[in-house]
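Worksheet: one structure, shown below.
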Amino acid sequence: MNKLNPIFSLIVKLNQTTQTLVGHTIAWGTLTLVIVTAAVVILRYGFDFGSIAFQESIMYNHALVFMLGISYTYLKDEHVRVDLFYNQYSERKKYWVDLIGSLFLTLPVTIFIFWASSDYIAASWSISEGSPEAGGLGYIYLLKTLIVIMAGLLMLQALAIISQSILALNGITAIKHENHIQGGKL
């Protein structure tokens, strides 16, 4: 276990740095989403002007915010969890739930998403897929690439939670996510 501690700690630190950078960047995406949406509405109803590309930019921005914000939400422990019992558990039990859930639910699902979407994304890249609408935005293949990026970030987050849980269950100080003890032993 001692040989794995630096690896687990590195995964946790790499994940926190990556997810925080992505999360804070994406937070600004929500502001641009509101501004662009308001501009589309004002231009359409106030000035009788519409643009397919402008409207599609809302879809692109929306996809960026949600696809890249998923793992940051998981890092902050703000994800949806049916926790009828979780809040009543001891810290040790919470680490067991996190370990088992990440190992047997989150990680396999992200691996499946990565695997299942690879042909779909490759086909889109092979034809440089663009908008089916005249005057729409191109680069739909880049938008579809968000699927594997989301899966990769979520996989990194699952590995970090697995690492944190293993370290915590062995009484080793590590960076914990907000719902748990910050750096203390159990």
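The values are calculated or read from the model by the stated rules, or taken from the named source; none is laboratory data. These numbers come from a predicted model, not from an experiment. Ideal geometry is used to build each Cβ from the backbone, glycine not excepted, and the neighbour counts take in all protein chains shown.
In region 120-150, which residues are surrounded by 13 or more Cβ atoms within 10 Å (Cβ to Cβ), hydroxyl-bearing (Ser, Thr, Tyr) and more than 17 Å from Ala53 (Cα to Cα)?
Correct list: Ser124, Thr145.
Out of (1) under 25 Å from His79 (Cβ atoms); (2) buried (at least 18 other Cβ atoms within 10 Å of the Cβ), the odd one out for Arg92 is which?
(2)
Any residue in region 25-33 that is polar (S, T, N, Q) and more than 28 Å from Ala160 (Cα to Cα)?
Our first condition is that a residue be polar (S, T, N, Q); within region 25-33, this holds for 25, 30, 32.
Within this subset, residues satisfying the condition of being more than 28 Å from Ala160 (Cα to Cα) are 32.
Taking every residue of region 25-33 in turn, at least one turns out to be polar (S, T, N, Q) and more than 28 Å from Ala160 (Cα to Cα).
So which residues in region 81-109 are at pLDDT 90 or above and over 18 Å from Val12 (Cα atoms), if there are any at all?
Once the filter is applied, which keeps residues that are at pLDDT 90 or above and over 18 Å from Val12 (Cα atoms), region 81-109 yields Phe104, Leu105, Pro108, Val109.
Kindly indicate whether Ser51 is farther than 28 Å from Ile113 by Cα and at pLDDT 80 or above.
Numbers: farther than 28 Å from Ile113 by Cα: yes; at pLDDT 80 or above: yes.
When the stated conditions are applied, Ser51 passes them.
Please work out which residue is surrounded by the most Cβ atoms within 10 Å (Cβ to Cβ), limiting yourself to region 60-89 and to residues that are assigned to a helix (DSSP H, G or I) and of a type in the set (A, V, I, L, M). Steps first, answer last, please.
Initial filter on region 60-89 (assigned to a helix (DSSP H, G or I)): 60-75, 86-88.
Add one more test, that the residue is of a type in the set (A, V, I, L, M), and what stays is 63-65, 67-68, 70, 75.
Numbers: Ala63: 16, Leu64: 19, Val65: 18, Met67: 20, Leu68: 19, Ile70: 18, Leu75: 23.
Result: Leu75.
Which of the residues spanning region 120-170 are assigned to a loop (DSSP other than H, G, I, E, B) and over 20 Å from Ala63 (Cβ atoms)? It would help to see each step written out before you state the result.
Step one: filter region 120-170 for residues assigned to a loop (DSSP other than H, G, I, E, B), giving 127-139, 170.
The answer is Ala134, Asn170.
Could you go through region 97-119 and let me know if any residue there is of a type in the set (Gly, Ala, Ser), assigned to a helix (DSSP H, G or I) and under 30 Å from Phe54 (Cα atoms).
At the first step, the residues of region 97-119 found to be of a type in the set (Gly, Ala, Ser) are 101-102, 116-118.
In the following step, the residues that additionally are assigned to a helix (DSSP H, G or I) were identified as 101-102, 116-118.
Then drop every residue that is not under 30 Å from Phe54 (Cα atoms), which leaves 117-118.
Yes, the conditions are met somewhere in region 97-119.
Examine region 38-59 for a residue that is free of Cβ contacts under 8 Å to residues at least 24 places away in the same chain, on the phi < 0 side of the Ramachandran plot and in a loop (DSSP other than H, G, I, E, B), and state whether such a residue exists.
So far as region 38-59 goes, yes, one or more of its residues are free of Cβ contacts under 8 Å to residues at least 24 places away in the same chain, on the phi < 0 side of the Ramachandran plot and in a loop (DSSP other than H, G, I, E, B).
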